[in-house]
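Heads up, the thing below is written out as structure tokens.
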Amino acid sequence: MNWIGDNKDVLAIVLSLTAVGVSLVTILLARRQARIDSYTRLHETLVSPAMGEGRRLLFLAAADDTFPAPADPAWDKINQALAIYDCAGVYYRNKLIPRQLFMESWHHPLANIKAPAEAFLNHAQRNSVRRTWVSLQNLLDEAAAYKSKDSCCT
């Protein structure tokens, strides 16, 4: 009992450091879980029927170079699908989602949509729509260069 009384300052420091360590681990685990939750919500949005329809319209329009006019509802659907990819690019760049997990899941769809998306962006620019979506462009470039460790990319 005397040892505890003589070393109470040391014990207080050890307990304080332990509390700080537990707090840091808790923060890191919460941050990791938040990133996974963000990825899950983004993934669910990307696989939604509305986004699928926008991508399908984009691929069909790019195949025969018949992109819709800005007033056409198909324009909005394509635009929305690409806007979500741009949002994914922002999340990816800022590490708000697990980057490796996202690229492993989406590198093929992103690589496949690169040329049609760029064609649509050029079409939009010809229709006086200012070219934006830098995050989309960066994400598409990264996905095109990405090499998975899986057999798909070896």
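Computed from the coordinates by the stated procedures, all read-outs in this text should not be read as laboratory data. As the structure is a computational prediction, the values presented were derived from the model and not from experiment. Using ideal geometry, Cβ is built from the backbone for each residue, glycine included, and neighbour counts are taken over all protein chains shown.
Under the condition of being among the hydrophobic types (A, V, I, L, M, F, W, C) and in a loop (DSSP other than H, G, I, E, B), the residues counted in the range 126-154 number 2. For GLN137, the stated conditions do not hold, so it cannot be described as among the polar types (S, T, N, Q), surrounded by fewer than 20 Cβ atoms within 10 Å (Cβ to Cβ) and under 21 Å from ALA50 (Cα atoms).
Within the range 127-134, identify whether any single residue is in contact with a Cys (Cβ under 6 Å, 6 or more places away or on another chain) and more than 15 Å from ARG55 (Cβ to Cβ), and answer yes or no. Within the range 127-134, none of the residues are in contact with a Cys (Cβ under 6 Å, 6 or more places away or on another chain) and more than 15 Å from ARG55 (Cβ to Cβ). Looking only at the range 91-113, which residues are aliphatic (A, V, I, L, M) and closer than 19 Å to PHE59 by Cβ? Correct list: LEU110, ALA111, ILE113. Applying the criterion of at least 2 residues that are within 18 Å of ASN138 (Cα to Cα) and in contact with a helix residue (DSSP H, G or I) (Cβ under 9 Å, 6 or more places away or on another chain) to the helices (runs of 4 or more DSSP H) found wholly in the range 2-120 leaves 8-46, 73-93.
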